[in-house]
Amino acid sequence: MSNIRSFVGQLLFVATAGGWFVAAPPTEWRLRYADLAVAIHLDRSIVGDVRLALDRSGSAPLVLDFADSMVVDSILAGVRRVGFERTPATIRIADSTLAPTCRALARATTRCEVRVWYHGVPSRSAFGIVDRGGKLRAASYGVPKSAREWWPTLDTPSQKMDSAEVRIVVPRGIIAASNGVLQAHKTLADGTDEFHWAERRPIYADVISVAAADYVERQGSFKSTSGRTVPLSFFVFPEDTLKAAADFAVVPNVLAFLERQLGAYPFGGEKYGIAEMMRPSFREHQTLPSLGASLITGDGSVAQVIAHEAAHQWFGNSLTVSDWRDIWLNESFAEYMAWRWVRSARGDSAFGSLSRGAADHDFAVPLARADSGGFGTMFGALTFHKGPVVLVMLEDLIGTRAMDDALRSYVTRNAYGRASLSDFRESAERASGRELGWFFDQWTIRSRVPEISIEWSYEKTKSGGRIRATIAQSDSLSPFRVPLRMRVVSPTGNARLWSVELREPRQEFTLHVDEKPTDVKLVTDRTLIRAKAAP
Ligand SMILES: [Zn+2]
């Protein structure tokens, strides 16, 4: 997409008082690689040294995202020390400063290398550091736009690097974990240790992980469908080793389920790990999700969260959205896969209770703009309830086999790259042989959910009887198109399901039955329909 955007940008004509001129092409800076060294101290400060490799086209300044709470000590471009401007939450380096240090690549692109030394106390919300009786416990919390709180970068998911390295310096006795594979562990002369990790698959800034503590590391392995034996590495606080061993025993089962559904684990050449953290939450850092200590109970109740985080390795990390407005493609897909794992492990009734009641939330924001309400809508009922139920409804509409084909082709075709709803829609349409624009439009662009009521009457006929059901929906100006099921219960207690499709504000359906039913109801489980009493 970036090439198309830049081409369109060159065609932009801007009107000014003096006439017409061609606007300068938009900045094209592409972050290709980061080598990030961070020393973490018990007083909550960090000292960083970040090398970035960036591709430059055009002549706009380089503007790195970096929180005001952090202090930039100096910057090198190539081997030259360069000046910079600190603007709110950014570092700005003029193109005239950078350009002479960059080397030519193909066509109009040059490769620039920038090195930033910095220090400061990062925001607790993005990088927690705790002194626990003289022992350091630290963890990044890679929610959207959090990388900039502790290292200078181009902090957007569209800036997916080819690879990244992370070097973490911690007091001796502390273990530091990160993405990918451990390259080296060095004991330094000043009483610190350095752990050097490398992620050789594409990765974006927010899912870079730093996790350091007085960890106990538990290793295992998982036999992938790719034929590989994938290392499992669990970094656990010493007081939680027994509970973690019980809770994490489910990981191979979860990964095997996800591989059956989606194809081989995308980072099988590296590892799958979990790092315990102090924050009572969870986050999908690439190859090393973080899991809060309070969730690790030993009773297995965290299994659904483990499945959600594992599913993010496909939805979010291998396939990355270009813009946070599409965050439901990460969160709702990961949660839907966690629900599917619950269904496979615990049965339909456990699955049913997850999807039930989703429509009772108040959805003021459409799924396709899940970023617009901030964190509350990015990580709330919209993405964790509405989104997964939209996927359940799609599965019910096109069938489980087509749904599974759609998911698998979507993750295969977009692996290690960027993905958008149109990519998934294309896979779903191809797998089902159906046009699905109406489905995605009504559930992702509209914010409301339909309220639907049913009235019915029975009349005897020569051959038995007939139910006339009138189904009405709240939105008469632009009615939803909703496949529905009616549950008809006979006097002997037998229930039969009838499928109909509502397209009009008000529609009548006739059902032929043998005897007068005792009840006729809409089945609203697994849907975003609010059943309303008939007026
Ligand atoms: Zn998530």
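Assorted remarks:
- Pairs are defined by a Cβ separation below 9 Å, a sequence spacing of at least 6 or placement on different chains, a first member in region 184-202 that is closer than 15 Å to Ala212 by Cα and modelled with pLDDT of 95 or more, and a second member that is loosely packed, with under 15 Cβ neighbours inside 10 Å and among the basic types (Lys, Arg); the pairs so defined are Thr192/Arg172; Asp193/Arg172; Asp193/Lys186; Glu194/Lys186; Phe195/Lys186; His196/Lys186.
- For region 284-293, taking the residues that are within 14 Å of the ligand (Cβ to nearest atom) and buried (at least 24 other Cβ atoms within 10 Å of the Cβ), the one that is farthest from Phe315 (Cα to Cα) is identified as Leu291.
- Qualifying residue in region 217-229 (condition: buried (at least 23 other Cβ atoms within 10 Å of the Cβ) and either in contact with a strand residue (DSSP E or B) (Cβ under 6 Å, 6 or more places away or on another chain) or in a helix (DSSP H, G or I) (or both)): no
- Given (1) crowded, with 16+ Cβ neighbours inside 10 Å; (2) out of contact with any strand residue (DSSP E or B) (no Cβ under 7 Å at 6 or more places or on another chain), index of the condition Leu477 fails: (1)
So that you can scan it fast, the table gives a plain yes or no per residue for (1) part of a helix (DSSP H, G or I); (2) in the same structural domain as Leu394 (by TED's automatic domain parsing); (3) touching a strand residue (DSSP E or B) at 6+ places or on another chain (Cβ under 9 Å):
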residue	(1), (2), (3)
Pro280	no, no, yes
Leu291	no, no, yes
Thr297	no, no, no
Gly300	no, no, no
Val305	yes, no, yes
Glu309	yes, no, yes
Arg325	yes, yes, no
Ala334	yes, yes, yes
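- Considering region 320-335, and only residues there that are buried (at least 21 other Cβ atoms within 10 Å of the Cβ) and acidic (Asp, Glu), the residue that is farthest from the ligand (Cβ to nearest atom) turns out to be Asp326.
- Matching residues, region 194-214, being out of contact with any Pro (no Cβ under 8 Å at 6 or more places or on another chain) and part of a loop (DSSP other than H, G, I, E, B): Arg200, Pro202, Ile208, Ser209, Val210
- Some residue of region 86-98 being among the basic types (Lys, Arg) and either surrounded by 18 or more Cβ atoms within 10 Å (Cβ to Cβ) or at pLDDT below 90 (or both): no
- Test result for Ser355, more than 16 Å from the ligand (Cβ to nearest atom), touching a helix residue (DSSP H, G or I) at 6+ places or on another chain (Cβ under 9 Å) and hydroxyl-bearing (Ser, Thr, Tyr): yes
- Scope region 148-207; condition of a type in the set (A, V, I, L, M) and farther than 25 Å from Arg32 by Cβ; matching residues: Val170, Ile174, Ile175, Leu188, Ala189
- Checking the stated criteria, Thr492 turns out to be hydroxyl-bearing (Ser, Thr, Tyr), part of a loop (DSSP other than H, G, I, E, B), surrounded by fewer than 16 Cβ atoms within 10 Å (Cβ to Cβ) and over 29 Å from the mean Cα position of the chain (by Cα).
- First in region 312-332 and of a type in the set (Asp, Glu), second anywhere and near the ligand (Cβ under 9 Å from one of its atoms), Cβ under 6 Å, 6 or more apart: Glu331/Thr383
- Residue count for region 59-109 under the criterion of being in contact (Cβ under 8 Å) with a residue 60 or more places away in the chain and not β-branched (Val, Ile, Thr): the result is 6.
- Failed item, numbered, when Glu276 is tested on (1) assigned to a helix (DSSP H, G or I); (2) within 21 Å of Gly316 (Cα to Cα); (3) away from the ligand (no atom under 16 Å from the Cβ): (1)
- Test: residue in region 438-452 that is more than 28 Å from Asp326 (Cα to Cα) and surrounded by 12 or more Cβ atoms within 10 Å (Cβ to Cβ): yes
- The set of residues from region 155-166 being over 14 Å from Leu52 (Cα atoms) and surrounded by 19 or more Cβ atoms within 10 Å (Cβ to Cβ) comprises Thr156, Pro157.
The values are calculated or read from the model by the stated rules, or taken from the named source; none is laboratory data. This is a predicted model, so every value here is computed, not measured. Positions of Cβ are generated from backbone atoms using ideal geometry, with glycine treated the same way; all protein chains shown enter the neighbour counts.
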